[in-house]
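Just so it is clear, none of the values below were taken in a lab; they were calculated from the coordinates. Quick caveat: nothing in here was measured; it's all calculated off a predicted structure. We place every Cβ from the backbone using ideal geometry, glycine too, and count neighbours over all the protein chains shown.
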Amino acid sequence: MQAYRKVDIESQVAAASPHRLVQMLFNGALERLARTRYAMEQNDMALKGEQLNKAQGIISGLRGSLDMEQGGEISQNLDALYDYMTRQLAAANMANDVNIIDEISGLLREVKAGWDAIPADMHHK
């Protein structure tokens, strides 16, 4: 099943537009944060660490993909927000605090909603 899922994801990535790739990153981060929350509730520290690291990696990828030159103030604000998220996730890890996970999930959902609202004719610009 794991191999099938990996092939499916690789196929989606290969065929995806840049806009869709960012949507996939948001979805992946949110999924990893949900798994992190579950692991915290179950006291599964190994799973918590694994999923939290993956979520942080995705958020770092989102941050690294910002075009600071063309994005102007929006990119600067997102950069600061992604930095905040990364620092808060480190704090959540140390304190084993699901409330911080919930906060970061909410922030990501909000940014994702804005991204999802971009009209289709703007996806390749």
Revision key, fill the gap. A chain fully extended from Tyr84 to Asp67 at 0.36 nm per residue, minus the present Cα-Cα distance, gains in nm 4.3 nm
Study note, to complete from the structure: Here the Kirkwood hydrodynamic radius of the chain, Cα-based and in Å, equals 15.4 Å
Check your understanding: Given the rule -39500 (n - 2.57) for each run of at least 4 DSSP H residues, summed and divided by the residues of the chain, what is its mean residue ellipticity at 222 nm, to the nearest 500 deg cm²/dmol?
Key -> -29000 deg cm²/dmol
**Study point:** Charge dipole of the chain about the Cα centre (unit charges at C-beta), most positive-ward option of Asn27, Ala90, Tyr38
**Key:** Tyr38
Check your understanding: Given R₀ = 35 Å, FRET efficiency for Ala91-His19 by Cβ-Cβ distance, to 0.05?
Key -> 0.65
Practice item. Sort out for me the Cα centre separation of segment 26-77 from segment 92-125, rounded to whole Å. Key: 9 Å
**Study point:** Helix axis angle, 45-64 relative to the chain longest principal axis, alpha carbon, degrees
**Key:** 20 degrees
Study note, to complete from the structure: Nearest 10, in degrees from 0 to 90: the angle of helix 98-116 to the longest Cα principal axis of the chain is 10 degrees
Practice item. Report, in degrees rounded to the nearest 10, the 0 to 90 angle that the Cα long axis of helix 68-95 makes with the longest principal axis of the chain. Key: 10 degrees
